Amino acid sequence: PGSPCPPGRRSACTRSPLGWATLLASFSNLHHANFHTTATVDAKNWERKNRIVYPPQLPGEPRRPAEIHHCRYQIKYSKDKMWYLAKLIRGMTIDQALGQLEFSDKKGAKIIKEVLLEAQEMAVKNHNVEYRSNLYVAESFSGKGMYLKRIRIHGRGRFGIMDKVHCHYFVKLVEGLPPKVEQKTNFDQAKEYVQQLRNRTIIHSL
Amino acid sequence: MKISSFIGFLRRSLMHLEYRIAQAASLDRQFAPALAVQGPSLLKPSQSESDECGQSTLLDSILWMAAPKKRRTIEVNRCRRRNEHKLIPVKNNIVPCPECGHLKQKHILCGFCYERVHRETALIRGQIQAMEGGPLKNPAVETVVLYESCRASSVNRDAKTSLSSAPSSSSCIPRPA
């Protein structure tokens with residue numbers, strides 16, 4: 001359980017601040033990244049989750065399922081539009097998710113499909129996953145990337161600032177079957193609410 | 001503030017009406033000679049009026065435009081954006097293709113199989129082009145496409161032009177069973 005952290009990469013990160021900056025520069029292709037490193041440094045937390053090593057499990061314990069975190073940064077797409085696709089594949093098996101994304105007409109669908117396939121490959125190679133289909137999407141969400149600003153010319157000498165939007169996409173695959181979410185009917189929810197109201201006690205009463 | 005602007009608007013509209021009537025009565029004050037007494041005295045106010053007209057009508061229209069009363073909170077925005085009808089529906093018509101095993105939609109041809117057929121026909125067309133050698137040179141006889149595997153078939157080669165699908169440059173395409 002857990003993945004062995006690649007030693008060479010880690011030592012390069014911690015050795016010198018200059019090495020860290022160049023590493024960041026190689027990750028993000030923007031010129032701005034050389035000056036503002038805070039945004040990219042915070043974003044690397046997701047990849048660090050792959051490096052946590054758990055202590056060996058006791059003989060009686062149930063097997064801890066493998067977790068694979070993967071992401072892609074600075075995708076040229078809107079985070080709001082990407083959210084819809086991320087919401088679509090939440091809780092699906094990886095094969096089902098890949099199928100849905102393949103036949104979606106959205107631009108982000110192609111990108112998310114690439115990310116999922118990369119994550120699947122990583123799972124089989126590095127994270128000791130036996131069957132590549134035995135994965136499901138536990139978490140999937142999008143975040144705001146760094147925006148480029150441009151001038152949009154309106155009439156009568158006015159102008160507006162146009163944002164060239166970018167987004168990040170994060171996904172967490174877990175080994176095994178997806179947990180079954182019990183679908184509560186509206187009537188059941190209403191009954192529960194009424195029961196909660198009935199269970200209230202009146203304080204300071206006789 | 002609104003009443004005064006409305007009165008101003010009425011005043012300006014009356015002036016405009018008067019001007020139009022004068023024009024209809026063929027009293028072209030715009031083109032009147034400078035010596036005429038009435039010309040400049042009437043031109044100036046109309047000019048100033050027209051200048052004011054341009055700016056105040058713009059301001060008026062801004063006052064009468066619709067504008068939001070309050071900022072929409074993120075909770076309200078989320079309710080609208082994440083409503084059921086705005087989410088992407090899950091497709092239930094994705095099936096594996098019986099020929100190649102890739103996924104396809106029920107009512108649409110398999111993309112992989114189509115691409116394979118497209119490439120094969122492109123090769124055949126290339127061969128035909130090479131054999132013909134130019135445009136509008138197709139022979140008057142039927143063209144038969146022969147694969148390498150069926151060269152020894154009992155097709156009469158003299159009557160029809162035939163071409164094999166395995167030229168020396170490209171690889172041999174296995175005939176779909």
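Averaged over the residues of B:89-95, the number of partner chain Cβ atoms lying within 10 Å of the residue Cβ comes to 3. On segment A:132-206, 54 percent of the accessible area sits on carbon and sulfur atoms, based on a 1.4 Å probe. Within segment A:100-129, the residues that become at least 50 Å² less accessible when every protein chain is included than when their own chain is isolated (1.4 Å probe; DNA, RNA and ligands ignored) are A:GLN100, A:PHE103.
Computed from the C-beta positions of B:GLU120 and A:LYS81, the FRET efficiency with R₀ = 56 Å rounds to 0.90.
The distance between label points at B:MET15 and A:ALA190 comes to 6.4 nm (points 7 Å beyond Cα on the Cα→Cβ vector). Annotation for the B:A interface, with buried accessible surface near 1200 Å², both sides summed [1.4 Å probe; non-protein components not counted]. For the peptide B:100-112, the mean number of other protein chain Cβ atoms found within 10 angstrom of a residue's Cβ is 1. Contact with the other protein chains removes 40 Å² or more of accessible area, compared with the isolated chain and a 1.4 Å probe, from these residues of segment A:55-96: A:TRP83, A:TYR84, A:LEU88. If R0 is taken as 51 Å, the Cβ-Cβ distance between A:LYS107 and A:ILE202 corresponds to a FRET efficiency of 0.35. Considering only A:ALA190, A:ILE68, A:VAL53, the residue lying farthest towards the positive end of the dipole of segment A:51-206 is A:ALA190, judged by Cα position with unit charges set on Cβ.
Here is the list for segment B:70-99: trypsin sites (Lys or Arg not before Pro) lying in DSSP coil, each with at most 11 other C-beta atoms within 10 angstrom of its C-beta, are B:LYS70, B:ARG71, B:ARG72.
The values are calculated or read from the model by the stated rules, or taken from the named source; none is laboratory data. Being a predicted model, the structure only gives us computed values, none of them experimental. Methodologically, a virtual Cβ is constructed for each residue, glycine included, from the backbone with ideal geometry; neighbour enumeration extends over all protein chains shown. SASA here: full protein model, heavy atoms, side chains in, ligands and nucleic acids out. Shrake-Rupley method; radii C 1.70, N 1.55, O 1.52, S 1.80 Å.
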